[in-house]
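Below is one structure, written out as structure tokens; comments come after it.
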Amino acid sequence: MKEGSESAGGSSVDIADAFVEAAPRIDRMGARFAFDGEDGAQDACVRILQSRPRAAPIADPVGYLLRVARNLLIDMSRARAREAVTHSAPAHG
């Protein structure tokens with residue numbers, strides 16, 4: 001474990017290290033969803049850091065970051081699909 005990180009895992013240092021390690025994988029994952037993976041990686045990291053005060057320690061920060069990023073990309077994809085349906089539906093009136 002790196003110096004300055006919490007012994008139980010999940011410190012902001014661990015998350016920053018996980019971000020550096022996972023960012024290229026998240027970027028490729030984002031490309032499969034036709035999104036900018038860098039945005040997905042950053043959003044996932046921000047979401048994890050915002051939850052830290054109330055969350056349990058993270059045993060596998062890289063795996064957790066990948067899971068959060070994947071879930072965010074799925075949510076973004078679903079929102080884009082809903083928006084496409086909404087904009088393509090004929091107006092009733």
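You will find that of ILE15, ILE58, ILE26, the residue that is at pLDDT 75 or above, touching a Cys at 6+ places or on another chain (Cβ under 8 Å) and surrounded by 13 or more Cβ atoms within 10 Å (Cβ to Cβ) is ILE15 and no other.
Rundown of residues vs (1) at pLDDT 85 or above; (2) in a loop (DSSP other than H, G, I, E, B), yes/no style:
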| residue | (1), (2) |
| --- | --- |
| LYS2 | no, yes |
| GLU6 | no, yes |
| GLY9 | no, yes |
| VAL20 | yes, no |
| ALA34 | no, yes |
| GLN42 | no, no |
| VAL46 | no, no |
| ARG70 | yes, no |
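The values are calculated or read from the model by the stated rules, or taken from the named source; none is laboratory data. Since this is a predicted model, take the numbers as computed values, not measurements. Cβ coordinates were reconstructed from backbone atoms using ideal geometry, including for glycine residues, and neighbour counts include every protein chain displayed.
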